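Here, each number is a calculation from the coordinates, and none is a lab measurement. Source: prediction; values computed, not measured. Glycine also receives a Cβ, built like all others from the backbone with ideal geometry; neighbour counts cover every protein chain displayed.
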Amino acid sequence: MNLARSFTHYLSVALLFLWGGVMLYFYASGRIINYLPPDGIFQPMVLAGGIGLIILGLFNLLTANAAEQDCGHDHSHDHDHTPDCGHDHDHSHDHDHSHKHVHTPDCGHDHSHDHDHSHKHVHTPDCGHDHSHEGHTHAHGMLEESGWTGRFTAAAILIVPITLAALNSPDQFSPRVAENKGLYAPNYADTSRADEFSLKKAASPTSPLADLTAQPKPSPDTPPASNPPPSPTDLPPSQTTPAGTDAPVSASGGNTGTPAPAQSFGSFTLADLEAQVPKSAAGNFILDVPEIYYTGGDIEVQKVLTGQSVETIAQILPEKVNNDDGHRLRIFRMLVQCCAADARPYSIPLDFGKKAPDFKEMSWVKVIGTMTYKQEGGQTVPVLEAKSIEETTAPDQSMIY
């Protein structure tokens, strides 16, 4: 094996070890939880892929000095030369064909015929064919086909990015990324994943919500019952729309022209809330931010949760909307559908009623506050009125899957 092929072979082994090692490192260190959900096949696939690359690298290392086998190509160079092909097929024959004629009697003449029968084939200039039959190399790959500069460049492309990513990835999003993903433009009336975080999903047996599907369906001849929208007197005290409220906006920030009022999806009681939501030792309901977020679209839950003491752990950023007096911060959690690439921030305002304290952006905080709901920008916005806030450690899973 020549130098170029030896370099290529051992570099390929090193790359297999590097890529497989990075995959196993992320899996064994637990960092993978920041990129892929714990359930499903994604994390086991990373483990299997890393092991497979290491095994392949070991195989290539152990067979580095094995004799090269027949690669299956016909590398013979038999040329069929048709007459007058224009090539130089030099077959030089320097023969001495002297023809001695012996004459009797000696006539005194020299009848020898010395002929030089050399067979020279004259080549037409530059016929375009290389008839050399030695020194053939047959490259089989990107690293073999290029020169040394190309080999080192290709190796750097394969090695440097994954090494830097493994060493320098912060395992969380930056404030700019969170903002670009819609941190300050939430749509609290959105129901795309409400079924996963709705507080009604485990109603108590005595609640009218316990078996809504068992209720008899109306007869086709029975006219549908009308469901008029709730009047302001049906809303919690803090939910009535004040005069001069902002113009309705969509989740993307544009005007919709029509408010998105909270809907009623059935009865919900304090008994239901206490039956399914755990409490802290101090008696606070422990909720994740997405659970609070989706209460903005259900008026029945709002009636029960308004005024209750709630505790949550989240990341914190400054508030940039409806915060002229500087009394607010914004807390959020990243919610993931498949992997970190599709993560989306679910956020709510945190109101202190006075100048908000300073916290490092993206730090984790534990907040205890009272739940309220306000009409802002044409939406029913869940607002947690803070009673206490303190820095805390990140949960085992920084993102919610």
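Quick notes on this one:
- Gyration tensor (alpha-carbon) shape descriptor, region 348-401, a/c threshold 1.5: oblate
- Cβ-Cβ FRET estimate between Phe59 and Glu391, R0 fixed at 60 Å, reported to 0.05: 0.75
- For region 302-331, the list of trypsin sites (Lys or Arg not before Pro) that fall in a loop by DSSP and count at most 14 other C-beta atoms within 10 angstrom reads Lys320.
- Relative exposure of Thr392, Thr312, judged by other C-beta atoms within 10 Å (fewest first): Thr392, Thr312
- FRET efficiency estimate (nearest 0.05) - Cβ-Cβ, Ser267 to Ile157, R0 60 angstrom: 0.45
- Equivalent-ellipsoid semi-axes of region 303-401, from the Cα gyration tensor, Å, largest first: 22, 16, 14
- Most to least packed among 157-170, 175-188, 50-63, 340-353 [average Cβ atoms within 10 Å]: 340-353, 175-188, 50-63, 157-170
- Using θ = phi - 60° and Karplus 6.51 cos²θ - 1.76 cosθ + 1.60, couplings along region 314-323 (whole Hz; Gly, Pro as x): 7, 8, 10, 9, x, 8, 10, 10, 6, 9
- For Trp364, distant residues with modelled amide H under 5 Å away: Thr392
- In this structure, Tyr25 and Lys354 have a Cβ-Cβ separation that, at R0 = 41 Å, corresponds to a calculated FRET efficiency of about 0.30.
- Summarising the label geometry, the points placed 7 Å from Cα in the beta-carbon direction at Glu196 and Lys181 lie 1.2 nm from one another.
- Among Ser174, Ser12, the order by Cβ neighbours within 10 angstrom, fewest to most, reads Ser174, Ser12.
- Length gained on full extension, Asp39 to Ser363: 114.0 nm, using 0.36 nm per residue less the C-alpha separation.
- In plain terms, the chain from Ala341 to Ser309 could stretch by 8.1 nm, reckoned as 0.36 nm per residue minus the Cα-Cα distance.
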